[in-house]
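The values are calculated or read from the model by the stated rules, or taken from the named source; none is laboratory data. Because the structure is predicted, anything quoted here is derived from the model rather than measured. Counting neighbours? That spans all protein chains shown, and the Cβs are built from the backbone with ideal geometry, glycine included.
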Amino acid sequence: MRSIRLGAGAGYSGDRIEPAVDLAASGELDYLVFECLAERTIALAQGVRQADPDAGYDPLLEQRIRAVLPAASHSRTRIISNMGAANPLAAARRICGIAGEFGLALKVAAVTGDDVLDVVTSGDWPIEETGGRISDLGDRLLSANAYLGAAPIVEALAAGADVVITGRVADPALFLAPMIHEFGWAFDDWNRLGQGTLIGHLMECAGQVTGGYFADPGRKYVAGLARLGFPIAEVRADGAAVITKLPGTGGAVTAATCKEQLLYEIHDPAAYFQPDLIADFSDAYVEEIAPDRVRILGGRGRPHNGALKVSVGYLDGWIGEGEISYAGPGAVARGRLAIEIVRERLAITKVDLSEIRADLIGLNSLHPGASSAEPPEVRLRIAGRTQSQAEALRIGNEVETLYTNGPAGGGGASKTARRVVAVVSVLIPHELAHPRVEILETTS
Amino acid sequence: MKLRDVAHSRTGDKGNTSNISVIAYRAEDFPRIRELVTAERVRTQLAGLTPSTVTRFELPKLGALNFVIAGALGGGVTRSLALDAHGKALSSILLDMDL
């Protein structure tokens, strides 16, 4: 039975570069897929694009493409990525420019149409998370991008694209699309699409299935995390797949690493909502068949419900933070005293806060209500939400003045203020999004 | 005995909802984990987060449970004031549960 080899070249926008270079050079891949788009990345990138119409794609696109394009082109490995972010067309033009420098003849497809800001602003849609409406966001609304499915990527591959660059697409669809294209799976072959989505889900975070984010000395050992190999999926035409990695790279592919990733960011495993289907992982299972080779089976699917998820970015004020550390006997008591002082100062000086949080890092910052043990040192952290940058800066200032005005022995004060770009979602009918594929070509 | 002795775990986040898997190292331990690690016990273990709901899903073929913990992330990663806005450290806290 026919099979294809898919590699994952990145699991987030800032991911390591070399594992993808290794995959392009010696993975004998048919496809190398880069998933680089976090929830709020597009909202931030829209602002960049407004300032410069040729910008708004992933800032590491150029570096990643330069690193893998010659080897990928030589081994006829096609590249699929959502690094187009807010401007897939400009990203495709840039990739053509890089191909030109290397003297490569290339077809680069840009998938657009995920930007549905017009649709979202023309109907006052309910917001899933808050129970509010889009109009509540007023002029703070930045962006609205629908999670597109596999279809436009399949269309681009059918048109012969060597590189497909998208904006917002459901992450597993980046992997599902080449399976549909290669094996001719129908868009209503629900169980195949479900199994393909399962494989895409396992692959989309790259190193998180090959032993990254897994090691726990004393319980779970993983060797070579500094040279972690990224995953390869060998997928058969019937959907059966093996997850593996390149020999000689660090990390491990085991039943346990695959199970952890299988449930990562999953709610009801029987209802994983995707643009093309509702995937069902409740009967999925994994089998170790050889060292670093795990067979993945049992993904299923059923028809989607007609709703397309749209990620809406909006400005949500500012967060100001200040930190300072205390050590030795009494560190916790001095940290607590410092918190009281800062709270009182913020009230006296009338800093306009809508929410505030105080933690002692080393004691309770990751889990409020943790142990009462006395650690050898703690780091006070105060964070507050404000409407303006000026107010946000005042929070860190009140922590910094603990140097000369607070408890004894405070050291290493730091302060920041950052603008908050928050994300909520709305659901729109499928037919309101209009994906488009545009092909650019270079000649050698 | 701690849950960490018999199971491993990973946390994911979507909006203001955290999901935490609990996966048995050995299949033979799964029935006992299923019996003892209830949604109610998970809520108690993570009480500091004041979640609105805790829902448990069972995946016997993986020897795993999946806990979906709503309202636990201070508004979600894009706006939370928390240091660990994703709640990524919660899996380690859950594994500290006494069995």
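Out of segment B:7-29, which residues are farther than 15 Å from residue A:220 by Cα, buried (at least 22 other Cβ atoms within 10 Å of the Cβ) and more than 8 Å from chain A (Cβ to nearest Cβ)?
Within segment B:7-29, B:11, B:18, B:20 meet the criteria.
So which of B:32, B:79, B:4, B:41 is in a helix (DSSP H, G or I), charged (D, E, K, R) and at the interface with another protein chain (Cβ under 8 Å from one of its Cβ atoms)?
Among B:32, B:79, B:4, B:41, only B:4 is in a helix (DSSP H, G or I), charged (D, E, K, R) and at the interface with another protein chain (Cβ under 8 Å from one of its Cβ atoms).
Output the residue which, of all residues in segment A:340-363 that are more than 27 Å from the chain's Cα centre (by Cα), closer than 30 Å to residue B:43 by Cβ and of a type outside the set (D, E, K, R), is nearest to the other protein chains (Cβ to nearest Cβ).
Within segment A:340-363, the match that is nearest to the other protein chains (Cβ to nearest Cβ) is A:356.
Out of all the residues in segment A:200-211, is one or more among the small types (Gly, Ala, Ser), within 14 Å of another protein chain (Cβ to nearest Cβ), farther than 30 Å from residue B:53 by Cβ and in contact (Cβ under 8 Å) with a residue 12 or more places away in the chain?
Checked against the condition, which is being among the small types (Gly, Ala, Ser), within 14 Å of another protein chain (Cβ to nearest Cβ), farther than 30 Å from residue B:53 by Cβ and in contact (Cβ under 8 Å) with a residue 12 or more places away in the chain, segment A:200-211 yields at least one hit.
Considering only segment B:2-27, state which residues are hydrophobic (A, V, I, L, M, F, W, C) and touching a Gly at 6+ places or on another chain (Cβ under 6 Å).
The answer is B:24, B:27.
Hand me the list of helices (runs of 4 or more DSSP H) wholly inside segment A:110-215 holding 2 or more residues that are at pLDDT 95 or above, on the phi < 0 side of the Ramachandran plot and crowded, with 21+ Cβ neighbours inside 10 Å.
In segment A:110-215, the matching helices (runs of 4 or more DSSP H) lie at A:151-158, A:173-183, A:190-203.
Criterion first (within 29 Å of residue B:76 (Cβ to Cβ) and within 14 Å of chain B (Cβ to nearest Cβ)) does residue A:413 satisfy it?
No.
Give segment A:85-108 a look and list any residue that's out of contact with any helix residue (DSSP H, G or I) (no Cβ under 9 Å at 6 or more places or on another chain) and in a loop (DSSP other than H, G, I, E, B), or say none.
A:103, the sole residue that qualifies.
Scan segment A:338-395 for residues that are among the basic types (Lys, Arg) and in contact with a helix residue (DSSP H, G or I) (Cβ under 6 Å, 6 or more places away or on another chain) and report the count.
1
Taking interchain pairs and intrachain pairs at least six residues apart, which have beta carbon atoms under 6 angstrom, with the first residue in segment A:308-337 and closer than 30 Å to residue A:119 by Cβ and the second buried (at least 18 other Cβ atoms within 10 Å of the Cβ) and among the aromatic types (Phe, Trp, Tyr)?
Between residues of segment A:308-337 that are closer than 30 Å to residue A:119 by Cβ and residues that are buried (at least 18 other Cβ atoms within 10 Å of the Cβ) and among the aromatic types (Phe, Trp, Tyr), the close pairs are A:309/A:147.
For segment A:404-415, state whether one or more residues are in a helix (DSSP H, G or I), surrounded by fewer than 22 Cβ atoms within 10 Å (Cβ to Cβ) and of a type outside the set (Gly, Ala, Ser).
Yes, the conditions are met somewhere in segment A:404-415.
Which residue is modelled with the highest pLDDT, if the candidates are limited to segment A:364-403 and must be surrounded by fewer than 17 Cβ atoms within 10 Å (Cβ to Cβ) and within 14 Å of chain B (Cβ to nearest Cβ)?
Step by step, filter segment A:364-403, then rank; the result is A:387.
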